[in-house]
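First comes the structure, then the notes that go with it.
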Amino acid sequence: VEVNLNMFCSCMKHRVCKQISGTKIVTPKTWSLRNGLFLFQMARNWEGLNFLGLEMNEKLVVRCLQDVASAGKRNLYFLSTNATSTFRSIVSSYPGQLTLVSIQCPNPDFNKEQNRWRMVRRMLVEAVADLLQVNGKIYLQSDVESVLLGMKEQFISHGKGQLVVDSDGRMENPFGVVSDWERHVLARGAPMYRTMLRKV
């Protein structure tokens with residue numbers, strides 16, 4: 001995903017380390033996209049699962065990794081990468097199953113018409129559809145309704161007929177954990193738009 005996205009993923013139960021492009025990472029059990037505070041809380045609440053955040057902003061990743069080390073978290077890791085081009089290779093290198101992919105509040109590029117609402121690319125959607133376990137979930141969230149609808153359309157269009165909508169529209173946050181941006185949006189009285197997809 002190319003515009004300021006991070007990705008938290010739920011993939012496996014093992015707490016093992018691997019090498020990917022020379023970077024030591026903890027085998028994840030859950031994936032998602034946007035600021036690291038959400039993942040920290042998820043990792044705290046579900047210590048039996050492993051979480052990986054993928055983020056293009058290297059400075060944010062460095063800060064998150066420092067926090068992970070300080071907290072001694074063994075079920076959470078972050079990588080600085082472009083999820084669109086690396087998701088398949090990263091996730092397919094793990095043992096276990098991918099159970100959750102979360103993409104939250106991507107930033108639309110209003111200066112480029114072709115990128116304005118297309119926050120996820122076909123390459124990423126196809127990789128997620130291929131690697132997600134049956135009954136695995138994809139959680140999409142944005143404070144811009146058009147962005148959410150665009151992401152949902154990409155997943156339905158390019159999900160190879162394997163993805164269906166579980167919940168939609170003004171659904172409640174299913175995790176009880178809010179990102180820092182979500183907290184900011186709700187504090188100013190604005191709505192959040194959410195969709196949960198499921199692999200069949």
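Within region 51-71, the set of residues being under 22 Å from V101 (Cβ atoms) and hydrophobic (A, V, I, L, M, F, W, C) comprises F51, L52, L54, M56, L60, V61, C64, L65, V68.
Of the conditions (1) crowded, with 21+ Cβ neighbours inside 10 Å; (2) at pLDDT below 90; (3) not β-branched (V, I, T), F87 fails just one. Which one is it? Among (1) crowded, with 21+ Cβ neighbours inside 10 Å; (2) at pLDDT below 90; (3) not β-branched (V, I, T), F87 violates only (2). Listed by position, the helices (runs of 4 or more DSSP H) enclosed by region 96-193 that each have at least 1 residues that are modelled with pLDDT of 90 or more, in contact with a helix residue (DSSP H, G or I) (Cβ under 9 Å, 6 or more places away or on another chain) and more than 24 Å from G36 (Cα to Cα) are 122-131, 145-158. Of everything in region 53-80 that is in a loop (DSSP other than H, G, I, E, B) and free of Cβ contacts under 8 Å to residues at least 40 places away in the same chain, the residue that is surrounded by the most Cβ atoms within 10 Å (Cβ to Cβ) is K73. Checking each residue of region 70-77 against the condition of being over 25 Å from A129 (Cα atoms) and of a type in the set (D, E, K, R) gives at least one match.
Residues that are assigned to a loop (DSSP other than H, G, I, E, B) and over 10 Å from L76 (Cα atoms) were ranked within region 29-45; the one that is modelled with the highest pLDDT is N35. Contact map, region 35-52: first residue farther than 14 Å from R63 by Cβ, second residue assigned to a helix (DSSP H, G or I) and among the small types (G, A, S), Cβ cut-off under 7 Å, separation 6 or more or different chains; pairs are F51/A43.
The values are calculated or read from the model by the stated rules, or taken from the named source; none is laboratory data. These numbers come from a predicted model, not from an experiment. FYI the Cβ positions are ideal-geometry reconstructions off the backbone, even for glycines, and counts take in every protein chain you see.
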